[in-house]
Amino acid sequence: MRSLPDADPGVPDIRSPLRYLWWNARRQRGALLLGMCFATVWWLVQALVPAVLGKGVDAVTDKDAAALLTWSGILFALGLVQAATGVMRHRLAVYNWLAAAYRTVQLTARHAARLGATLPKRLSTGEVVSVGNSDIAHIGSSMDILLRGSGSIVAIVVVTVYLISTSLPLGLLVLFGVPLMAVAVGPLLRPLHRRQKEQRDITGDLSTRAADIVSGLRVLRGIGGEQVFAGRYREESQRVRHAGVRVARVESLLEGAQIVLPGLLIAAVTAVGASFAVADEISVGQLVSFYTYAVFLIGPLRTLTEMADKLTKGHVAARRVVRILEMEPEVAGGTGRSEGGVLRDSYSGVTLQPGWFTALAASAPEDAIAIADRLGRYAPGDVTFGRTDLAELPLPEVRSRILVADNGARLFTGALRAELDVRADDRAQAGDDERVWRALRAACAEDIVEALPDGLDAPVAEAGREFSGGQQQRLRLARALLADPEVLILVEPTSAVDAHSEARIAERLAAARAGRTTLVCTTSPLVLDRADHVIYVEDGRVLAEGAHRELLDSSPRYAATVTRGED
């Protein structure tokens, strides 16, 4: 089996779930068409078996040994063809399922990377997780069922033609019975569609709640809030359970319809066929064929109702995928170039001189965060980098040259060395380890690694939960230093460490970033005293700037902010 195709970077015209499913089908139309051909042959062979079986029964009745051998040979050949086409149909069904499902994963992952900081602002974690957990399965199933569904339609048409050519009343009975059954299950699809959407929305909310509880479990235990949040989780999980029960009610009716409706058709065809056999209007072999066809029709008819169900689920799942793919980043890049230089935010007046270690103290922490976001191009703003507007630079270039590291960053699962030096090759060299240890020393994080049994090769658990808040902060600082960007912007990098460690970090950080442009957003006097230049911001605008000790004497508001005193 050939490997799965890569998804295209862009998805054209996906304004609706149906358009997305159609686009997905077009991307794998070769495998779909080939699978449909095998599925059609597979169904047709099965549809011919009752007719051949009836001919064999007639040969027995007529005591025609030659005819019996002939029809037996044909039946054996049909069995071989059915086995071969069944294997290929199944293989292509699995391929189409995987291709559609993982193309969706590729698209959403690439688009999530493109959205960057925009995604968590507009969509909860639970909704994104639900796409990978359940929605891709439903999208894959919607592609898979197209193979058997199209073949079942052809099989029903062939059986109907055969019955009409053999007995007009029986043929008409099947001809009108099949559409009536399809119409009968139609009223169940709309409520099923609505209830499935409701269940998925509630499940996404519950996944978000679970992620919040797991990530904040240590805090909850500290404040004694475990029982409160456990109660809320139980309440929401019951809502999910009730929504699932409502979906199951409709699905049970649909499953029941898949049995009852074909069963009624079988009973009608058998009864009418038996009456014709008694009246000598059809032979014994034809009666056997009619009964076998009535039983055979259960398969394609159930496949049709299954196709309606899976396409409905695929439509609901595609709606969630389209919701993600329709989002656009809050900021976009251009095609310009910059030689670097002064980085300036025109709104606030904050200016970073090349090679300086600058500190930014703000009376309100949110002002410092907003300035850092604009300087790092995570929020729109009138920012220049040298002589070039920052908005004119391609976003990948901005991300590689300007790094914003805040306390919202997280540690990922994997070896600690790879987690810290994210741009290094997996085959670490001795020189790479020296770089890592220099960064760890600058962040005062050597003791963290030395305490681990495997050192830099120690595995990091999810979100680095084995480390304390201060340890995580120091490891994140080491990671930012290892990236060694042209401009490094740190937001409160020492807020969770003790004063002794903070003093050492301030001294070592300035030395580690010597000759590189660095901005530290902080109100810590220990860090401010080490800065080459300090900028004080109030109400989002620069109010004063200079050396730390000069500002303590010349700006009472600055002094009150950094010493936690009164103005």
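The values are calculated or read from the model by the stated rules, or taken from the named source; none is laboratory data. Please read all numbers here as calculations on a predicted model, not as lab measurements. When we count neighbours, we look across all protein chains shown, and the Cβ atoms used for this are built from the backbone with ideal geometry, even at glycine. Surface areas here come from the heavy atoms of the whole protein model, side chains and all, with no ligands, DNA or RNA. Shrake-Rupley method; radii C 1.70, N 1.55, O 1.52, S 1.80 Å.
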### Task
Could you give me the residue pairs with C-beta distances under 8 Å whose first residue belongs to the stretch 281-299 and is within 16 Å of Val159 (Cβ to Cβ), whose second residue is not in a helix (DSSP H, G or I) wherever it lies, and which are 6+ apart or on separate chains?
Ile282/Ser167; Gln286/Ser167; Phe290/Ser167; Phe290/Ile282
### Task
For the stretch 462-474, state whether one or more residues are under 16 Å from Thr358 (Cα atoms), touching a residue at least 12 places away in the same chain (Cβ under 8 Å) and either touching a Cys at 6+ places or on another chain (Cβ under 8 Å) or open to solvent by less than 20 Å² (accessible area, probe 1.4 Å) (or both).
no
### Message
I'd like to know if the stretch 352-359 contains one or more residues that are at pLDDT below 85, among the small types (Gly, Ala, Ser), open to solvent by less than 50 Å² (accessible area, probe 1.4 Å) and outside any loop (DSSP other than H, G, I, E, B).
### Response
no
#### Entry: Tally, over the stretch 75-128, of residues that are under 19 Å from Gln28 (Cβ atoms) and among the charged types (D, E, K, R)
4
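Take the stretch 400-414 and flag every residue that is closer than 19 Å to Ala332 by Cβ and exposed (fewer than 15 other Cβ atoms within 10 Å of the Cβ).
Ser400
Given the residues Leu301, Leu253, Leu265, Leu287, which is the only one that is out of contact with any Ser or Thr (no Cβ under 7 Å at 6 or more places or on another chain) and open to solvent by 60 Å² or more (accessible area, probe 1.4 Å)?
Leu253
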### Task
Taking only the stretch 366-399 into account, find how many residues are open to solvent by 60 Å² or more (accessible area, probe 1.4 Å) and farther than 30 Å from Glu466 by Cβ.
6
### Single match in Gly54, Gly73, Gly79 (criterion: at negative phi and crowded, with 20+ Cβ neighbours inside 10 Å)
Gly54
### Task
Examine the stretch 326-347 for a residue that is among the hydrophobic types (A, V, I, L, M, F, W, C), in contact (Cβ under 8 Å) with a residue 12 or more places away in the chain, part of a helix (DSSP H, G or I) and within 30 Å of Ala137 (Cα to Cα), and state whether such a residue exists.
no
### Query
In this structure, does Arg530 turn out to be touching an Asp or Glu at 6+ places or on another chain (Cβ under 7 Å), part of a loop (DSSP other than H, G, I, E, B) and either under 14 Å from Cys444 (Cβ atoms) or in contact (Cβ under 8 Å) with a residue 12 or more places away in the chain (or both)?
yes
### Task
At least 2 residues that are modelled with pLDDT of 80 or more and more than 23 Å from Leu175 (Cα to Cα) in each: list the helices (runs of 4 or more DSSP H) lying fully within the stretch 204-315 that qualify.
226-278
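Let's see how each residue does on (1) of a type in the set (Lys, Arg); (2) modelled with pLDDT under 95; (3) part of a loop (DSSP other than H, G, I, E, B); (4) buried (at least 18 other Cβ atoms within 10 Å of the Cβ):
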| position | (1), (2), (3), (4) |
| --- | --- |
| Gly515 | no, yes, yes, no |
| Val520 | no, no, no, yes |
| Tyr536 | no, no, no, yes |
| Asp553 | no, yes, no, no |
| Ala559 | no, yes, no, no |
| Arg564 | yes, yes, yes, no |
| Asp567 | no, yes, yes, no |
### Message
Go through (1) in contact with a Leu (Cβ under 6 Å, 6 or more places away or on another chain); (2) modelled with pLDDT of 90 or more; (3) within 25 Å of Thr494 (Cβ to Cβ) for Val383 and report which single condition fails.
### Response
(3)
### Message
Looking at the structure I just gave you, is Arg504 in a loop (DSSP other than H, G, I, E, B), open to solvent by 20 Å² or more (accessible area, probe 1.4 Å) and on the phi < 0 side of the Ramachandran plot?
### Response
no
